[in-house]
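A quick write-up on the structure given underneath.
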Amino acid sequence: MLEPLAHIGRDPATGGYLRDAWSDADMELREWFAGEAARRGLDLREDRNGNLWAWWGAPSPRRPGVVAGSHLDSVRQGGAYDGPLGVVSAFAALDILKSRDISPAVPVGVACFTDEEGARFGVPCMGSRLLTGVLPPERALGLTDDDGDTLADVISRAGREPYRIGRDDETLAVIGTFVELHVEQGRGLVTAGRPVGVASAIWPHGRWRFDFRGRADHAGTTRLADRDDPMLEFARMVLAARAAAERRGVVATVGKVRVSPGNANAIPSLVSAWLDARGADERPVRDLVADLAAGASAGVDVREESWTPVVDFDVALRDRLARVAGGDTPAPILPTGAGHDAGILATAGVQSAMLFVRNPTGVSHSPDEHAEQADCEAGVVALADVLEDLCRT
Ligand code: HGY
Ligand code: MN
Ligand code: MN
Ligand code: MN
């Protein structure tokens, strides 16, 4: 199902995807989206934050539409399905509605949110956070990527006006209900033996940046007793995070580290590390981070980069989706530890829901992520049924 865009940003050596927001690959994906919209005669709009909307029918605040979609960017060396499956399925579900000669009571939209993964600038769901005002534009514009480009530089280079970003009430006002279909990032549906499920909740989750400072010096001539090596305290933090996560029943990950200046024959002057911590309940996640900050020596900076509170999806809507998507027996309803744009919209008061498609490996944020063709097709039919049901309002 993903063949038309499978080549874009793909690393042939690993099969993984490199689709940073606003990169060449992302720009090619945006062109693919525009082409899909044009092929269907949909009205294509790009909002002030770079999110893309393709509308069948003209939505208005008095007649808001039903929207399906997800994102096209990836984590570095990500899988093929995380994001694109939701966008491709949204177009395919709209095709099914048309083939059923459905004339929806409300407009139907396909959405693609910008920079969901936060791989480049560190803040996840950037497009939906800016759209809803969760992320202030001035905070976003100052973010820099690994080679020092600011978001403003990159948006300008992409031919957009960076200083228009920010809460977009005009766009929000025409979204009635948002449904995000996403490959499951886990094995809940494998265990349930079902191809499609519905999200009950998204775990609270956040990212913190730790800066460990030391003194650069020669690797060969500096006595151990004379060293101020930030790598040591960084290593202790990683081990402490894992121990605290086990103790508190949450998950903590350090997947990105930047060592400056990065000489193999010199003690570093700075080690920056990003902690990702999540859990079913907010308190133990917060306590883990507090433990680590308290255990850090005076010179260590700890900064919260992003925080998303628990998202409990609307019960009536999720149960309705489970009935419609489940066919004879309601689809399984399950939580997720992964963040999504549907979660950001839900926290901003937009009626949102999620459908999951079975991932036999359960693995994600890796080239090993997978979904079987038959399950992807079942996801499209379930999404079409859900959209048809929601458009009947
Ligand atoms: O990080 C996440 O949970 C999501 O995949 N962006
Ligand atoms: Mn992801
Ligand atoms: Mn995703
Ligand atoms: Mn750059």
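Coordinate-derived values only; no laboratory data. Just so you know, these numbers come straight off a predicted model, no measurement behind them. Note: ideal-geometry Cβ built from the backbone for every residue, glycine included; neighbour counts use all protein chains shown.
Each peptide among 167-174, 65-72 gets the average number of other Cβ atoms lying within 10 Å of its residues, and from highest to lowest they stand as 65-72, 167-174.
Rounded to the nearest angstrom and listed largest first, the equivalent-ellipsoid semi-axes of the range 246-393 from its Cα gyration tensor are 40, 19, 13. Dividing the helix sum by the residues of the chain, where each DSSP H run of 4 or more adds -39500 (n - 2.57), gives a mean residue ellipticity at 222 nm of -10000 deg cm²/dmol.
Within the shell of other residues whose beta carbon sits under 14 angstrom from the beta carbon of Ala244, the net charge comes to +3, with Lys and Arg scored +1 and Asp and Glu -1. Computed over all pairs of different Cα atoms, the Kirkwood value for the hydrodynamic radius of the range 172-308 is 17.6 Å.
Between Gly35, Gly86, Gly78, the residue with the greatest mean-square fluctuation in the GNM of the chain (Cα pairs under 10 Å linked by springs) is Gly35.
The label-point distance for Asp281 and Arg303, in a model that sets each label 7 Å from Cα toward Cβ, rounds to 3.2 nm. Residue by residue, the range 183-197 carries 3J(HN,Hα) couplings of 4, 5, 9, x, 10, x, 6, 5, 5, 7, x, 10, x, 9, x Hz when phi is fed to the Karplus relation 6.51 cos²θ - 1.76 cosθ + 1.60 (θ = phi - 60°); x denotes Gly or Pro. With 0.36 nm allotted per residue and the present C-alpha distance subtracted, the Thr191-Asp291 stretch has 32.5 nm of extension available.
Just need log10 I(q)/I(0) for the chain at q = 0.13 Å⁻¹, Debye formula, equal scatterers on the alpha-carbon atoms, no solvent, rounded to two decimals. After summing over all Cα pairs, the log10 values are -1.08.
Expressed to the nearest 5 percent, the antiparallel share of DSSP beta bridges inside the chain is 70 percent.
Helix screen, the chain: DSSP H segments with Cα axial length of 18 Å or more and mean Kyte-Doolittle hydropathy at least -1.0 are 24-39, 84-99, 230-248, 282-295, 373-391.
Peptides 366-373, 352-359 ranked from most to least packed give 352-359, 366-373, packing being the mean of other C-beta atoms within 10 angstrom over each peptide's residues. The HN-Hα couplings worked out from phi for the range 42-51 by the Karplus form 6.51 cos²θ - 1.76 cosθ + 1.60 (θ = phi - 60°) are 8, 7, 8, 10, 10, 7, 5, 9, x, 6 Hz, whole numbers, x standing for Gly and Pro.
Of all the C-alpha pairs in the range 46-121, what % are more than 15 Å from each other? Don't skip to the end; give the middle numbers.
Values: 1703 of 2850 pairs.
Cα-Cα pairs of the range 46-121 separated by over 15 Å account for 60 percent.
Taking the alpha-carbon centroid of each part, what is the distance from the range 345-393 to the range 258-335 in angstrom? The range 345-393 and the range 258-335 have Cα centres spaced 22 Å from each other. With the highest mean first, a sort of the peptides 21-28, 314-321 on other beta-carbon atoms found within 10 angstrom per residue produces 21-28, 314-321.
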